[in-house]
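In what follows, a structure is listed as structure tokens, so that the remarks can point back to it.
The values are calculated or read from the model by the stated rules, or taken from the named source; none is laboratory data. Note that this is a predicted model, so its numbers are computed, not measured. Note: ideal-geometry Cβ built from the backbone for every residue, glycine included; neighbour counts use all protein chains shown.
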Amino acid sequence: MYSRQSFDGFPSSDEPLHFKVSGRLWAGAMVMEDASSGSLFALRDGRGLRGPYEGLQLLHVASTVKPFGEWCSDHPSSEVLVGESPPGL
């Protein structure tokens, strides 16, 4: 996970970045695109590759991936959203 907070160069704005999959790869890793600015970011390190945020670095935010059963044990009141899978999945 990444955040743009506390990094020089990003405009001081309460407007969040809205990432989507760009369909591109850089150094074998997925590239994210900010929908509003068109800036491209490397998923592997959060670096701006192209667009207005080129060369700027997103702040890495620590996160944890854990098995679903363990999550449920730690957060028993959690709810799961279940829906239909898109075609092809």
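Quick notes on this structure:
- Within region 54-75, tally of residues that are at pLDDT 90 or above and in contact with a strand residue (DSSP E or B) (Cβ under 7 Å, 6 or more places away or on another chain): 2
- Residues located in region 17-33, provided they are in a loop (DSSP other than H, G, I, E, B) and within 17 Å of Gln57 (Cβ to Cβ): Leu17, Ala27
- The condition (being aliphatic (A, V, I, L, M) and either surrounded by 11 or more Cβ atoms within 10 Å (Cβ to Cβ) or touching a residue at least 40 places away in the same chain (Cβ under 8 Å) (or both)) is satisfied by just one residue among Leu58, Leu81: Leu58.
- Picking from residues in region 41-53 that are touching a Ser or Thr at 6+ places or on another chain (Cβ under 7 Å) and not aromatic (Phe, Trp, Tyr), the one that is farthest from Ala27 (Cα to Cα) is Pro52.
- Annotation: Leu40 fulfils all but one of (1) without any contact (Cβ under 8 Å) to a residue 24 or more places away in the chain; (2) closer than 30 Å to Ser78 by Cβ; (3) crowded, with 18+ Cβ neighbours inside 10 Å; the unmet one is (2).
- Any pair with Cβ under 8 angstrom, 6 or more apart, that starts in region 4-33 at a residue that is within 13 Å of Gly51 (Cβ to Cβ) and aromatic (Phe, Trp, Tyr) and ends at one that is modelled with pLDDT of 85 or more and not in a loop (DSSP other than H, G, I, E, B): Phe19/Met32; Phe19/Glu33; Phe19/Asp34; Phe19/Phe41
- Matching entry among Ser85, Ser78, Ser39 (being modelled with pLDDT of 85 or more and more than 14 Å from the chain's Cα centre (by Cα)): Ser78
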